[in-house]
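So the structure is just underneath, and the comments pick up after that.
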Amino acid sequence: MAPTIGVLALQGAFIEHERALERLGVASREVRQRKHLDGIDGLIIPGGESTTIGKLLDVLGMTEPVRALGRAGLPIWGTCAGLILLATDVGRPQTTLRLLDIGVERNAFGSQLDSFEARVPVPALGEEPFPAVFIRAPLIARLGAGVTPLATLTDGTIVAAERDGLLATAFHPELTDDPRFHQYFLDKVAARTAWDAAPETVAATR
Ligand code: GLN
């Protein structure tokens, strides 16, 4: 059965994610209220302003429900502000889901480089570097135990990471035509759905 991917649609670049999924033939659901979380197979938290999205999650009573879904293994992908919202540690008091054990530095690339594009090697996606669009992007300053780096700039700065179903990118794959990160997330969703359906079979093939 086709998965239902929720796209958190409180603020920021959610429409671009919906379009990227559409290009892959996958329907998405805008998640604006708690009830929209019911029955989703994966969730994307878009770029935007992480403090604003965090406040809205709190006001709408969605912080705990999303956190609980993440803890229960729901695949969640955060891009840019979404990465910040997944992190355990952002160096300042603001609401985050604290699902992925990473230390994040917000707006890490200085004023002149507030926005830039770079071709970043992402070995998990194949040989072709990924066209990464950074917009007032964060960087990952610390990786917790079990968190794997996925993309690193030439100076060693980590800009994407994952752990199990959780995926975090400091840049915006939804603003490019390259579908590989969306496909990568959909593969996580498919793996999780297969696991739910038949845990023994999936475990046996690992
Ligand atoms: N600077 C934003 C923040 O800290 C993130 C920017 C983005 O998502 N493009 O929340």
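The values are calculated or read from the model by the stated rules, or taken from the named source; none is laboratory data. Remember, predicted model here, so these are calculated numbers, not experimental data. Here the Cβ positions follow ideal geometry from the backbone for every residue, glycine too, while neighbour counts run over all protein chains shown.
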Residue check: is residue 100 touching a residue at least 12 places away in the same chain (Cβ under 8 Å), farther than 23 Å from residue 187 by Cβ and away from the ligand (no atom under 12 Å from the Cβ)? no
Give the residue that is farthest from the ligand (Cβ to nearest atom), with candidates limited to residues of the stretch 108-135 that are out of contact with any Pro (no Cβ under 7 Å at 6 or more places or on another chain) and at pLDDT below 95. 112
The stretch 39-76, subset touching a residue at least 60 places away in the same chain (Cβ under 8 Å) and more than 13 Å from the ligand (Cβ to nearest atom), residue surrounded by the fewest Cβ atoms within 10 Å (Cβ to Cβ): 73
Any chance residue 30 is part of a helix (DSSP H, G or I) and of a type in the set (Asp, Glu): no
Report the residue count in the stretch 79-99 for those that are more than 15 Å from residue 159 (Cα to Cα) and in a loop (DSSP other than H, G, I, E, B). 9
With respect to the numbered conditions (1) surrounded by 14 or more Cβ atoms within 10 Å (Cβ to Cβ); (2) outside any strand (DSSP E or B), which one is the sole condition not fulfilled by residue 145? (1)
